[in-house]
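Shown next, in structure tokens, is the structure this report addresses.
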Amino acid sequence: MSATPLSATAPQPKSAAGVAWDLSPLYASADDPAIDQTLTRLDEDAAAFDAAFRGRIAVPGGPSASLLLDALRAGESMSDRANVLFAFAQLLYAADTTADANRKLVQRVEERLTALQNRALFFDLEWLEVEDAAAARLVADPSLAKYAHYLASSRRFKPHTLSEPEEKLMNDKDMTGVSAWGKLFTEYVASLRFKIEIDGETREVNQSEILSLTRVADRTTRQRAHAALYATLAAHQQVLSFIYDTRFQDHLVTSRLRHYDDPMQS
């Protein structure tokens, strides 16, 4: 089939009205029963992962390559399914931050996946405890070639990794800390409306629309869009600045607790 080239002068659509992500290949909706089925299966697999591999990675001389491969494959399977679910919840939320069902789903998925992460994080901590010589041998093992970069790269964070209870606490507090502030910022800015004059008519647009207008071909429109964007943000600077400052302070505290020399190091 030959493609017909678009005419340089053909009118192009200027609105995204009616355009929406098709997320059905992931899940049908925010209340799709398959979501709970995925979460239940992940909980079961995390329990099996813990029973099968806890205490068997950080052993003298390191684990066997075959055991480590089994653990990596099991962890990868859980991570892949968790990431699909997380992506679905986040995309649904990004499409409409005002929908109560979307907000509840994001919160529920974050809570359950954080618990899953805490259940499985022993593996990464045990891997960091493996002696350097044994770790180097395993990274170079041909059977682990697919995971060599991950295994080598993760060991860079050994000086900045805390104990298992501390790591769990960090994950848990993020849900009501930096993650919560991020959601507040998203919902707050999504609720803002920006007034701009286009073709002699004053229009009220949302954040996505005003940002798209800062990239159009017409220079005057771009200037007006930038002016409208920052004028509105400035009117809400007390709230937005507080969110920014709080998130940055969280980063400073985390960097200190993880023994980074500089906030940019991580």
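Please compute the modelled spin-label separation between ARG222 and HIS160, points set 7 Å along Cα→Cβ, answer in nm with one decimal.
Label-label distance for HIS160 and ARG222, simple model: 3.6 nm.
Based on alpha-carbon centroids, what's the gap between the stretch 99-162 and the stretch 230-266 in Å, whole number please?
26 Å
With each label point set 7 Å from Cα along the Cα-Cβ vector, what nm distance links GLU111 and SER212?
Computed distance between label sites GLU111 and SER212 equals 3.6 nm.
Take peptides 255-264, 170-179 and line them up by average Cβ neighbours within 10 Å, highest first, as a rough protection proxy.
170-179, 255-264
I'd like the FRET efficiency for SER191 and ALA52, computed as 1/(1 + (r/R0)^6) with the beta carbon distance as r and R0 of 45 Å, rounded to 0.05.
Efficiency at R0 = 45 Å is approximately 0.45.
Coordinate-derived values only; no laboratory data. Note that this is a predicted model, so its numbers are computed, not measured. In this analysis, Cβ positions are derived from the backbone assuming ideal geometry, glycine residues included, and neighbour counts consider all displayed protein chains.
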